[in-house]
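Asks: My questions will all concern the structure given below.
The values are calculated or read from the model by the stated rules, or taken from the named source; none is laboratory data. All values derive from a computational prediction rather than experimental measurement. Please note: Cβ atoms are built from the backbone with ideal geometry, for glycine as well, and neighbour counts cover all protein chains shown. Ligands, DNA and RNA are stripped out before the accessible areas are found, and what is left, the full protein with its side chains, is counted by its heavy atoms. Shrake-Rupley method; radii C 1.70, N 1.55, O 1.52, S 1.80 Å.
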2 protein chains.
Amino acid sequence: MNIKTDKVAVIGSGSWATAISKMLLENVAEINWFFRKKETIEQFKELHYNPRYLQSVEFETDRIHFFYDINEILLESDIIVLAIPSAFLPRILSDVEVDICNKYFLSGIKGIVTKENLLVAEYLHKYFEVPMENIGVIAGPCHAEEVALEKLSYLTLASLDMEKAANFARLIQNDYIYTSVSDDIWGTEYTSVIKNIIAIGAGIAHGLRYGDNFQAALVSNAIQEINRFVNTVHPISRDIKDSAYLGDLMVTVYSQFSRNRTFGTMIGKGYSVKNAILDMNMIAEGYFASRSIFEINQKHKVNMPISSAVYRMLYENAPPKKEMAKLSQILS
Amino acid sequence: MNIKTDKVAVIGSGSWATAISKMLLENVAEINWFFRKKETIEQFKELHYNPRYLQSVEFETDRIHFFYDINEILLESDIIVLAIPSAFLPRILSDVEVDICNKYFLSGIKGIVTKENLLVAEYLHKYFEVPMENIGVIAGPCHAEEVALEKLSYLTLASLDMEKAANFARLIQNDYIYTSVSDDIWGTEYTSVIKNIIAIGAGIAHGLRYGDNFQAALVSNAIQEINRFVNTVHPISRDIKDSAYLGDLMVTVYSQFSRNRTFGTMIGKGYSVKNAILDMNMIAEGYFASRSIFEINQKHKVNMPISSAVYRMLYENAPPKKEMAKLSQILS
């Protein structure tokens, strides 16, 4: 990887993709950027900002090469940054006809590719033969909206190859983005997935009128649950209190804007899962994550009372009030 | 200790004392309750609630024996629950003429007795010869306001004598207060002290317009700082992620109502320390705690970048903007 000469692509058009593009353009002269719709590109060029997300962020559009053909952008790029909902990944990559096994990938996706319950890195490795060492993960507490406002944020770049992690870090760090590096791609990915499940649980509790004292106990128990899980699935030395893990959990659970928390709040207030999904007009990542983690954990049998309770409420019609009361007996 | 026959006293008239009295009265037939002012007692008896705090909580006043003489209430009681600001403790106890070395003490005070930088347990032991094993500490995330509303909360009762910890727990647990026990009176006391310093730091950051991403990193770094400190000062086996520690930190830092956080926000917005104190018409516990922990740490030399930065801003005129920028370089 040579971050001075390698061409960088961003796949995704949401707020996180937009924030990542902003960060990249602080360090590289130009980027390639993939949008599914040609119209969005036309609008973007005219407005000089993403017409649908983080509209306050102005871009010099002559520094952006826009693509709506996935094969073209991949051919033209060396480092591919993924920032789409995990649910869309297989669909977008199913069109890929070019060889991408020699590309570097940096995943900003916080979710699991559901069908086979694979992490993004595992998915890229299995289906596109990308070597694991060429894959990186962006972790840490980071609302895209705050990147737009250039509020100081700490991100962790994880890769099995620490030198590549450092290179990924150099791509996105700047005056308001401080970076750390880590070799823990499983731990950071799984934490970023499970924290969305916990945020749904916190939302459900909030919807049921549990208070801040309870939330603090819930999050304390949750980080222990996450620690048990990642230490079982990928037992390496890590400090779960680092901001890549605990920080990511807190910023999500305590955010008023988290879609996962909002989704949970609706469930807690009595919406059916189906109606909450319809009403939100989108599906919170934690909804899928809940089933994936439940299924993955069938093998590992880690004690995960919070994630399990959320799973039962979302997928097995467990009544939220009863289920949270049961859960509350287990917490401490 | 015999919680069925022992007489219980509450020392303090603030919101935490009121919440504790409410909890106690769920388990014991009557309590003794100390107020400094006779008028407050008169008003309380008339209104059937504490005239100044948690007014929504109605009390059966015939189950309360009111006292304004500290010696009388101590003579009449076996278990003494302390819930006053730590700054007032020496003053109130300086009037004590009766022997209290055979009493049991439960401290709900979250602060240090400043002059000699003693924890409450250490202070009671040193000046009143109360055996350490007869002292307990109430820890955990717990806004008094939520106890008033009977919102489920988790409290940890710590005592060197675990049987006594269990007895203290029995005194306050009920349908909405779930309890755990612990033998870690130093760790829980110090955490409850340091978290107020961190809350001031979080407030300063907020006042300086740092965002939620930063706060999440700050709290992640803070719990590690607390862990280093308590493991140095009192090295026993503990999990700092338990709600008695991490939960207590989070509920304070993320509370809009925390006086420490509000105090910090004023400093961050440019108030001088003096004016912030004048304007708030009270002194946040973390203000004193900051100096005490700084002084205690002169001996231990634990790396405490956040607490040290707060100390410098409060006591050494370090300009908040510069100091936070310096601190932010150290966090990760």
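Asks: If amide H atoms are built 1.01 Å from N in the plane of the peptide, which residues on other chains or at least 5 residues away come under 5 Å of the amide H of A:A9?
Replies: Hits under the 5 Å cutoff: A:N32, A:D78, A:I79, A:I80, A:V81.
Asks: Taking each label point as 7 Å beyond Cα in the direction of the beta carbon, state the distances from A:A325 to the same residue in the other copies, shortest first, in nm.
Replies: List, nearest first: 5.6 nm.
Asks: List, shortest first and in nm to one decimal, how far the label point of B:F88 (7 Å from Cα along Cα→Cβ) is from its counterparts in the other copies.
Replies: 5.8
Asks: Moving on. Buried accessible area for the A:B pair, summed, 1.4 Å probe, in Å² rounded to 100?
Replies: For chain A against chain B, roughly 3200 Å² becomes buried.
Asks: Another question about this same structure. Calculate how steeply helix A:320-330 sits against the longest principal axis of the alpha-carbon atoms of chain A, using the helix alpha-carbon long axis, and give the answer as 0 to 90 degrees to the nearest 10.
Replies: 80
Asks: What relative contact order, as a whole-number percentage, does chain A give when Cα pairs under 8 Å and 6 or more residues apart are counted?
Replies: Taking the mean separation of contacting Cα pairs over the length of chain A, I get 15 percent.
Asks: Could I ask something else about it? Per DSSP H run of at least 4 residues, take -39500 (n - 2.57); add these up for chain A, divide by its residues and hand me the 222 nm value, nearest 500 deg cm²/dmol.
Replies: -15000 deg cm²/dmol
Asks: Moving on. Please report the spacing between the Cα centers of segment A:256-283 and segment A:207-230 in Å, no decimals.
Replies: Cα centroid to Cα centroid, the span is 19 Å.
Asks: While we're here: Given just the C-alpha atoms of the protein assembly as shown, how large is their convex hull per residue in cubic angstrom?
Replies: Enclosed volume per residue, from the Cα hull, is 158 Å³.
Asks: Return the tail of the calculated pair distribution for segment B:1-160, meaning the percent of Cα-Cα pairs more than 18 Å apart.
Replies: 57
Asks: In addition: For segment B:130-264, what does the relative contact order come out to in percent, with C-alpha contacts under 8 Å and a separation of six or more?
Replies: In percent, rounded to a whole number, it is 29.
Asks: On to the next question. Can you give me the angle between helix B:38-47 and the longest principal axis of chain B, using Cα atoms only, in degrees from 0 to 90, rounded to the nearest 10?
Replies: Rounded to the nearest ten degrees, it is 80.
Asks: With the cut-off at 31 Å, tell me which of the pairs A:K4/B:K321; A:K322/B:K22; A:K110/A:K301; A:K299/A:K322; A:K301/B:K164; B:K299/B:K326 have Cα atoms farther apart than that.
Replies: A:K4/B:K321; A:K301/B:K164
Asks: Counting residues in segment B:125-235 as N, plug N into 2.2 N^0.38 Å and put the Cα Rg over that result.
Replies: In units of the 2.2 N^0.38 Å rule of thumb, it is 1.25.
Asks: Report the dimensions of chain A along its three principal axes from the alpha-carbon atoms, largest first, rounded to Å.
Replies: 57, 42, 38 Å, listed from the longest principal axis down.
Asks: Here is a further query. Do any residues of segment B:228-248 lose at least 50 Å² of accessible area when the full set of protein chains is present rather than just their chain alone, and if so which, with a 1.4 Å probe?
Replies: Checking the loss per residue gives B:K241.
Asks: OK, next. Scale the Cα Rg of segment B:96-177 by the rule-of-thumb value 2.2 N^0.38 Å and send over the ratio, two decimals.
Replies: 1.20
Asks: May I ask you to compute the full-extension gain from A:N2 to A:E39, defined as 0.36 nm times their residue separation minus their alpha-carbon distance, rounded to one decimal in nm?
Replies: 10.0 nm
Asks: About the Cα centre, and with charges only on the beta carbon of Lys, Arg (+1) and Asp, Glu (-1), how big is the dipole of the protein assembly as shown? Nearest 20 debye, please.
Replies: The dipole magnitude comes to about 460 debye.
Asks: I've got another one for you. Please work out the Cα convex hull volume for segment B:49-90 and give it in Å³ per residue.
Replies: Measuring per residue, one finds 110 Å³ for the Cα hull of segment B:49-90.
Asks: Next question, about the same structure. In the protein assembly as shown, with Lys and Arg counted as +1 and Asp and Glu as -1 at Cβ, which of these residues, B:G187, A:Q256, B:S77, has the Cα nearest the positive end of the dipole, that is, farthest along it?
Replies: A:Q256
Asks: Using Cα pairs under 8 angstrom and six or more residues apart, how large is the relative contact order of segment B:270-328, in percent?
Replies: Over segment B:270-328, the number comes to 28 percent.
Asks: In addition: Sorted from shortest, what are the nm distances separating the label point of A:P235 from equivalent points in the other copies, each placed 7 Å from Cα along Cα to C-beta?
Replies: 2.6
Asks: With every protein chain present, what is the per residue accessible area of chain A (1.4 Å probe, Å²)?
Replies: 41
Asks: Right, another one. Tally up the carbon and sulfur contribution to the accessible surface of segment B:264-313 as a whole percent, 1.4 Å probe, everything protein left in place.
Replies: In segment B:264-313, the share of accessible area belonging to carbon and sulfur is 50 percent.
Asks: If you rotate chain A onto chain B, whose Cβ in A ends up lying nearest the axis, and how many Å away is it?
Replies: Spelled out, residue of A and its Cβ distance from the axis onto B: A:Y254, 3.
Asks: While we're looking at this one, here's another question. Mind computing the radius of gyration and Dmax over the alpha-carbon atoms of segment A:233-324? Å is fine for both.
Replies: Computed over the Cα atoms of segment A:233-324, radius of gyration and Dmax are 14.4, 42 Å.
Asks: With just the Cα atoms of segment B:157-209, tell me how far they stretch along each of the three principal axes, in Å, largest first.
Replies: Between the extreme Cα coordinates on each principal axis of segment B:157-209 lie 46, 27, 11 Å.
Asks: Any idea what angle helix A:162-172 forms with the longest principal axis of chain A, computed on alpha-carbon atoms, 0 to 90 degrees, nearest 10?
Replies: 80
Asks: Whole-Hz ³J(HN,Hα) for each residue in segment A:136-145, computed from phi via Karplus 6.51 cos²θ - 1.76 cosθ + 1.60 with θ = phi - 60°, x for glycine and proline: what do you get?
Replies: Going residue by residue, I get x, 10, 8, 10, x, x, 7, 6, 4, 4 Hz, with x marking Gly and Pro.
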